[in-house]
1. May I ask you to verify whether Ala304 is of a type in the set (Gly, Ala, Ser), surrounded by fewer than 20 Cβ atoms within 10 Å (Cβ to Cβ) and in a helix (DSSP H, G or I)?
2. Looking only at region 260-280, which residues are without any contact (Cβ under 8 Å) to a residue 40 or more places away in the chain and in a loop (DSSP other than H, G, I, E, B)?
3. Could we say that Leu347 is farther than 30 Å from Leu245 by Cβ and in a helix (DSSP H, G or I) here?
4. Is it true that some residue in region 52-59 is closer than 19 Å to His222 by Cβ and either surrounded by fewer than 21 Cβ atoms within 10 Å (Cβ to Cβ) or in the same structural domain as Glu260 (by TED's automatic domain parsing) (or both)?
5. Could you please let me know if Arg182 is in a helix (DSSP H, G or I), over 23 Å from Val49 (Cα atoms), touching a residue at least 40 places away in the same chain (Cβ under 8 Å) and in the same structural domain as Val96 (by TED's automatic domain parsing)?
6. Could you grab me the full set of residues in region 47-60 that are assigned to a helix (DSSP H, G or I) and either on the phi > 0 side of the Ramachandran plot or in contact with a Ser or Thr (Cβ under 6 Å, 6 or more places away or on another chain) (or both)?
7. State yes or no: is Ile242 touching a Cys at 6+ places or on another chain (Cβ under 9 Å), not assigned by TED's automatic domain parsing to the domain that holds Ala363 and not small (Gly, Ala, Ser)?
8. Taking region 5-38, which residues are over 16 Å from the mean Cα position of the chain (by Cα) and within 25 Å of Tyr219 (Cα to Cα)?
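The values are calculated or read from the model by the stated rules, or taken from the named source; none is laboratory data. Predicted model only: the values in this text are computed from it and were never measured. Using ideal geometry, Cβ is built from the backbone for each residue, glycine included, and neighbour counts are taken over all protein chains shown.
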Amino acid sequence: MSRQILLGKLTLGGGAPIRVQSMTNTNTLDTEATVSQTLQLVEAGCEIVRITAPDVASAQNLYNIKNELSKRGCEVPIVADIHFNPKAAEVAASIVEKVRVNPGNYTDRNVGKTTFSESEYNDELKRIGDKMSTLINICKQHHTAMRIGTNHGSLSERIMSRYGNTAEGMAQSAIEFAEVCRQQDYHDLVFSMKASNVKVMVESTRLFVNKMKQLGVDYPIHLGVTEAGDAMQGRLKSAAGIGALLLDGIGDTLRVSLTEDPVAEIPVAYDILQAVGARISQCEYIACPSCGRTQYDIQTALQAIKQATHHLRGVKIGVMGCIVNGIGEMADAHYGYVGCGAGKIALYKNKQLVKNNIPQQDAVAELVKLIKEGGDWVDA
């Protein structure tokens, strides 16, 4: 378990729910557009909103954005996304709950230099610490968190000279920045290893977590496959990378990066969390694909059951074609809807048969009745 930090009033890490976040794609200087999209994200379930601050003017306008959000009753934590501009980071750090910096292009750039002696390498680390000190002090003063986000596509020449464009280089870049912050007694940190390549994203995150263990630190981890694309490809890449790490017990917050309206990212994030059992936010259906043994219309039945029960958060319902795999493969379901003959359904609570030989046209209503009797029903 990671340490817990605060983003305003929101807890992150340390056993808190895995937080879902996204990023606006509006012009930060357009206060109304950015506020409007932020509110849409929050309405969809987003718990942390990232807003780009490419320059000082954009960073300064974060104050107006937060003020307008507050007027509308929204206190969602805001993350300022910083890349090349340390001054913008320093301005934003006094306004928002968190700043995100990328080691590869924030203070760790050596354009054109491809080789470093041991002393030059260490001198660069010291220089990074010196350049980071102003931002760190502002963060400490305002209780602002920092995400150090290493990106596979923007490793510095210094890291590339020793490790190449590798997962090891990504993890090492982040751990060196962690050490810079630790030396200045600053620990409100979150780390991420982002790549569009799922294998690189997973490997670098695992390497970084192992490096943290060796140092005896436990900073929260942000998960995401960057530039995943859109549609099914974007969702599957995100699920593969994020899901693999969640199943390792790694991850405290996540973003699904889709080339779509940012609001579309939120349900995908919750679906991933639900699929790996990391955060239950909806009803879950254990449904078999059916085969020649199935003697009722299971596809129609599943849709009717979902329509009637989709709002039952945390309830698991098995919808199975026959008793051959029904009872066993839906073993952890709270309720079961199982074919038991031509057009006939058997209903189960846990593994216990409750009612048999129900005509299919009556079975969904009988299932709802059973869930109500079992005490698991709430009105939509």
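1. Working: of a type in the set (Gly, Ala, Ser): yes; surrounded by fewer than 20 Cβ atoms within 10 Å (Cβ to Cβ): yes; in a helix (DSSP H, G or I): yes.
In short, yes.
2. Filtering region 260-280 down to residues without any contact (Cβ under 8 Å) to a residue 40 or more places away in the chain leaves 260-261, 264, 268, 271-272, 274-277, 280.
Once the filter is applied, which keeps residues that are without any contact (Cβ under 8 Å) to a residue 40 or more places away in the chain and in a loop (DSSP other than H, G, I, E, B), region 260-280 yields Glu260, Asp261, Val276, Gly277, Ile280.
3. On the way: farther than 30 Å from Leu245 by Cβ: yes; in a helix (DSSP H, G or I): no.
It is false that Leu347 is farther than 30 Å from Leu245 by Cβ and in a helix (DSSP H, G or I).
4. Within region 52-59, the first condition is being closer than 19 Å to His222 by Cβ, and the residues that meet it are 52-53.
Going one step further and asking which of them are either surrounded by fewer than 21 Cβ atoms within 10 Å (Cβ to Cβ) or in the same structural domain as Glu260 (by TED's automatic domain parsing) (or both), we end up with 52-53.
Yes, the conditions are met somewhere in region 52-59.
5. Numbers: in a helix (DSSP H, G or I): yes; over 23 Å from Val49 (Cα atoms): yes; touching a residue at least 40 places away in the same chain (Cβ under 8 Å): no; in the same structural domain as Val96 (by TED's automatic domain parsing): yes.
Here the answer is no, as Arg182 does not meet what is asked.
6. The initial filter retains those residues of region 47-60 that are assigned to a helix (DSSP H, G or I), namely 56-60.
Within region 47-60, just Ser58 meets the criteria.
7. Values: touching a Cys at 6+ places or on another chain (Cβ under 9 Å): no; not assigned by TED's automatic domain parsing to the domain that holds Ala363: yes; not small (Gly, Ala, Ser): yes.
Spelling it out, it is not the case that Ile242 is touching a Cys at 6+ places or on another chain (Cβ under 9 Å), not assigned by TED's automatic domain parsing to the domain that holds Ala363 and not small (Gly, Ala, Ser).
8. Of region 5-38, the ones over 16 Å from the mean Cα position of the chain (by Cα) are 5-6, 8-9, 25-38.
Within region 5-38, Ile5, Leu6, Gly8, Lys9 meet the criteria.
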